[in-house]
Amino acid sequence: MSRLNEQHRFLKLRRHGLFPIFLIFLVVVAVNACLQPGFFTFDVFQSNLASFTPLVLASMAQAVVILVGGIDLSIGMAITLSTVIMAATMNDSASGILLGIGLALAATFAVGALNGLTVGYLKLPSIISTFAVSSVCYGAALLIMPQPGGYIPSVFYEAYQTNIASVLPVPLLIILAGLAIWGFFRRRKIYRYIYAVGGNEQAAFANGIDTKRVKLYAFLISGVFIVLTALVVVAQTATGDANMGRSYTLNSIAAVVIGGISLQGGKGNLIGAVLGALILGFISNIIFFANLSSFYQDLIKGLIIIFALTLSILPTLRKKALA
Amino acid sequence: MGGDPEMSQLQTGEARGAGRTASAGQALGKLRSLGNPKVLIAYALAVLIFVAGQLISPGFGEFSNIMNVLNISALLGFIALAQMLVVLSGGEGIDLSVGAMASLGAVMSSQIIGGLDGNLIQAVAIVLAVGFLIGCVSGVGISYFKVPPLVMTLAMASVIQGGALVYTNGQPKGMASPLLKELGVGRTAGIPNLVWLWILIAVVAGIFLARTKWGKLLYGLGTNRLTTELSGVRTRVVRTIVYGASGAISAIGGMLLLSYTGTAFLDIGGTYMLPTIIAVVIGGISLAGGLGSYNGTVAGAILLTSLSSILVTLNMSEGGRQIVYGVILLLLLIAYGRQKTT
């Protein structure tokens, strides 16, 4: 009886959407553990986590937009704009720090609103309109800071490296905070609306959901994660640089896709995006510690994405074949 | 204010375009692209940019400068042809690997040619074959494994980029041969050779799309895959070949980039990736597939290139230029790219 129960539980687990991603995650961690000396020591855990966190947060930002059925090519430059604003305005005083964060928040929400208006209300295809917005963000960042520089208070990078009660690294805390923010929305209507609009926009509209507004809100919620990413990035680099954030755009999409979130929208889980970003981080670790030339990084990353995609799509193909 | 007439132009274009596309959708296969108001307005806007440029900075509207801009447009336009075929084929078709593929084509031809004319034919053959094969791999993933085109080609772009890095060891060697350089920067009868080539390609592409069985198949595929499949077409094979063709064309596009620059660098094609999509959309091609013509893409490529060219001439800082470019893109998209949903 209990064996049957166990089998049943395993089957249920196997059908869970995150199952293939979790398998890949375990494989990647295992390979990494073999290659990286002292992988299971706390110091290595902490430094790995610290370097993965920005992409984890950026992927959460991307995931919200993809869940609603869009895609955001402006994420990298929105992050950049935020970091540049912080580096240009902050000083050591508390008011200076608050001003920097406040301005970065305002700018990010303005970008989110612009994206939400063009994609939601003007019905532009997000893949090109967010690219245009990305250009605007890049221009603004360049105007604010033509050369890399600026000042980031030491509080930031010191805090980023500390452990609370010497067991809880701050980066982990930030990721948990990000998930908590998403958890906060989980209890609200907007959460269901995002999935509804992403899943079937017409049906959502027919059921009286203001689809345009939902898209706008999705971009604004995504903005919260963008600002979080920017905070972590400045804590890591301690400067502002208008050419810094470009890579986050495509890497966040890759992480979201690996994480099993459907690009058609409406299907997937933010945890998947977190796992996807961690997988990408571990992969670059593996390439580094396997003494492979960094030239192979893009190649292997691309192959793994294709592999992960095929793996996550195979079950649905089989279902179709049976039907 | 030079911006106001442009704005009103855009708005009337949108109003007139809306009614027209609906009827065009019904008349499948009948392409009256030259009369398509969206395309005409794109050309008119490009002319307007040259006139405005001449007023702001004398010399911008002169023949030789216009030819320079067209020369660069030809490069974008050629790679945008690859993008257009994929978008036309429908099924959310898009190819985000055209930029990486062009880069690969450029560095490969640079290394194979090594400055010698004798290696040209070999280079063309190899670049075409590699581009076609890689494109087909994307196509197989998309049509047989049902991977969404956006991700498949994005991942493939990463693979291609990595492949180019490994192939060149990080530093592309070689250069264009004299003959290839003559194609890229030389002129015949005052008109750049690349523009002559572009005209030839545009005519061939136009005839191919409007008059041949294959062209009609492509529109059929983009409009309704199911009916195309039911009428006996092996749509998965065709889709795979379309992505293969896109790969081959963008790889050769990379060779043309090399002909213009003389030497290749690793990310030479990267900046062309998203502009190809925008050129296709400005050219009146629906991202849903099955609608539009290469003539429109040509107009889109010329408009985009003249726009970035005038922004350089305006002596604006890089930051200001990026903002203006982005804002104008948004305005163009509002006029051209609105989706017909709900």
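Details
- Condition check for residue A:143: without any contact (Cβ under 8 Å) to a residue 60 or more places away in the chain and buried (at least 22 other Cβ atoms within 10 Å of the Cβ): no
- Residue that is among the polar types (S, T, N, Q), out of contact with any Pro (no Cβ under 8 Å at 6 or more places or on another chain) and either free of Cβ contacts under 8 Å to residues at least 24 places away in the same chain or within 14 Å of chain A (Cβ to nearest Cβ) (or both), where the choices are B:261, B:276: B:276
- Taking segment B:109-128 as the range and being more than 25 Å from residue A:299 (Cα to Cα), out of contact with any helix residue (DSSP H, G or I) (no Cβ under 7 Å at 6 or more places or on another chain) and part of a helix (DSSP H, G or I) as the test, the residues that pass are B:118, B:121.
- Tally of residues being touching an Asp or Glu at 6+ places or on another chain (Cβ under 8 Å) and outside any loop (DSSP other than H, G, I, E, B) across segment A:125-146: 4
- First in segment B:154-166 and facing chain A (nearest Cβ under 7 Å), second anywhere and assigned to a helix (DSSP H, G or I) and of a type in the set (Asp, Glu), Cβ under 8 Å, 6 or more apart: B:158/A:298; B:159/A:298; B:161/A:298; B:162/A:298; B:165/A:298
Residue-wise test of (1) within 13 Å of residue B:272 (Cα to Cα); (2) assigned to a loop (DSSP other than H, G, I, E, B); (3) out of contact with any Ser or Thr (no Cβ under 6 Å at 6 or more places or on another chain).
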{"position": "B:96", "(1), (2), (3)": "yes, yes, no"}
{"position": "B:100", "(1), (2), (3)": "yes, no, yes"}
{"position": "B:107", "(1), (2), (3)": "no, no, no"}
{"position": "B:130", "(1), (2), (3)": "no, no, yes"}
{"position": "B:135", "(1), (2), (3)": "no, no, no"}
{"position": "B:170", "(1), (2), (3)": "no, yes, yes"}
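- Residue list for segment A:248-263, filter: at the interface with chain B (Cβ under 7 Å from one of its Cβ atoms) and either in a loop (DSSP other than H, G, I, E, B) or surrounded by fewer than 24 Cβ atoms within 10 Å (Cβ to Cβ) (or both): A:250, A:263
Listed here are the residues, each with its yes/no results for (1) surrounded by fewer than 22 Cβ atoms within 10 Å (Cβ to Cβ); (2) over 15 Å from the mean Cα position of the chain (by Cα); (3) in contact (Cβ under 8 Å) with a residue 40 or more places away in the chain.
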{"position": "B:289", "(1), (2), (3)": "no, yes, yes"}
{"position": "B:292", "(1), (2), (3)": "no, no, yes"}
{"position": "B:296", "(1), (2), (3)": "no, no, yes"}
{"position": "B:325", "(1), (2), (3)": "yes, yes, no"}
{"position": "B:331", "(1), (2), (3)": "yes, yes, yes"}
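- Complete set of residues in segment A:36-58 that are in contact with a Pro (Cβ under 6 Å, 6 or more places away or on another chain) and either at pLDDT below 85 or not hydroxyl-bearing (Ser, Thr, Tyr) (or both): A:46, A:49, A:50
- Remark: residue B:127 falls outside the filter, which requires a residue to be within 14 Å of chain A (Cβ to nearest Cβ) and either among the small types (Gly, Ala, Ser) or touching a Leu at 6+ places or on another chain (Cβ under 9 Å) (or both).
- Subset tally (residues that are within 14 Å of chain B (Cβ to nearest Cβ) and either out of contact with any helix residue (DSSP H, G or I) (no Cβ under 6 Å at 6 or more places or on another chain) or part of a helix (DSSP H, G or I) (or both)) for segment A:220-247: 4
- Reported count of residues in segment A:106-116, each being without any contact (Cβ under 8 Å) to a residue 24 or more places away in the chain and surrounded by fewer than 17 Cβ atoms within 10 Å (Cβ to Cβ), is 2.
- Total residues in segment B:77-93, condition more than 12 Å from residue B:249 (Cα to Cα) and buried (at least 24 other Cβ atoms within 10 Å of the Cβ): 5
Residue by residue, here is whether (1) within 14 Å of chain B (Cβ to nearest Cβ); (2) under 30 Å from residue B:95 (Cα atoms); (3) of a type in the set (Gly, Ala, Ser); (4) surrounded by 22 or more Cβ atoms within 10 Å (Cβ to Cβ) holds:
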residue: A:104; (1), (2), (3), (4): no, no, yes, yes
residue: A:118; (1), (2), (3), (4): yes, yes, no, yes
residue: A:126; (1), (2), (3), (4): yes, yes, yes, yes
residue: A:163; (1), (2), (3), (4): no, no, no, no
residue: A:176; (1), (2), (3), (4): no, no, no, no
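- Just one residue in the set A:243, A:200 is at pLDDT below 90, under 19 Å from residue A:107 (Cα atoms) and surrounded by fewer than 21 Cβ atoms within 10 Å (Cβ to Cβ); that residue is A:243.
- Of all residues in segment A:54-90, those being under 22 Å from residue A:145 (Cα atoms), in a loop (DSSP other than H, G, I, E, B) and of a type in the set (A, V, I, L, M, F, W, C) number 2.
The values are calculated or read from the model by the stated rules, or taken from the named source; none is laboratory data. Bear in mind that the values here come from a model prediction, so they are computed numbers and not experimental data. Quick reminder, even Gly has a Cβ in these numbers, built from the backbone with ideal geometry, and neighbours come from all protein chains shown.
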